[in-house]
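The values are calculated or read from the model by the stated rules, or taken from the named source; none is laboratory data. Everything numeric in this text was worked out from a predicted model, so none of it was measured. With ideal geometry, Cβ positions are generated from the backbone for all residues, glycine too; neighbour counts draw on all protein chains shown. These area figures cover heavy atoms from the full protein model, side chains too; ligands, DNA and RNA do not enter into them. Shrake-Rupley method; radii C 1.70, N 1.55, O 1.52, S 1.80 Å.
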Amino acid sequence: MNDLIADYLAGADVGKRATMAKAWICEMVNRVAYQCVQLHGGYGYMEEYPICRMTRDVRPIAIFAGTTEVMKIIVGRMMGL
């Protein structure tokens, strides 16, 4: 990730790598949130607990950043697939 930022600041074309990073980050944050809910059991679904609010707030990130499927299509086109 640091290389991506450094390359961007140096003026390199980082479009494909940035798209891949967005897709990966969105996927990972949702996986981590899901595992945290599983770890907390029923408390993960009760609004009184921070884990529920965090998980709820994480879910739309993939939508706001562009769905993972759209990111995959963009990367595929950039790779000539």
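Return a whole-number percent for the relative contact order of the stretch 8-81, with Cα pairs under 8 Å and 6 or more residues apart as the contact set.
38 percent
Out of the total accessible area of the chain (probe 1.4 Å, heavy atoms of protein only), what percent is carbon and sulfur?
Summing carbon and sulfur atoms, their accessible area is 64 percent of the total for the chain.
Please give the per residue volume of the convex hull enclosing the alpha carbon atoms of the chain, rounded to a whole number of Å³.
Convex hull volume per residue, Cα atoms: 105 Å³.
Run through the stretch 1-69 and list the GluC sites (Glu not before Pro) located in a DSSP loop whose Cβ has at most 15 other Cβ atoms within 10 Å.
Passing sites in the stretch 1-69 are GLU47, GLU48.
For the residue pair ASP57 and LEU4, what label-to-label distance in nm results when each label sits 7 Å from Cα along the Cα-to-beta-carbon direction?
Taking the two extended label points, one gets 2.2 nm.
What residue among TYR49, PRO60, MET79 has its Cα farthest toward the positive end of the dipole of the stretch 37-81, where the charges are +1 on Lys, Arg and -1 on Asp, Glu, each on the Cβ?
After comparing all options, I get MET79.
In a shell of Cβ-Cβ distance under 14 Å around CYS26, excluding CYS26 itself, what net charge do Lys and Arg (+1) and Asp and Glu (-1) give? Kindly include the intermediate steps, with their values, before the conclusion.
On the way: positive: LYS22, ARG31, ARG59, LYS72; negative: GLU27, ASP57, GLU69.
It works out to a net charge of +1.
How much accessible area per residue does the stretch 1-70 have, in Å², with a 1.4 Å probe?
74 Å²
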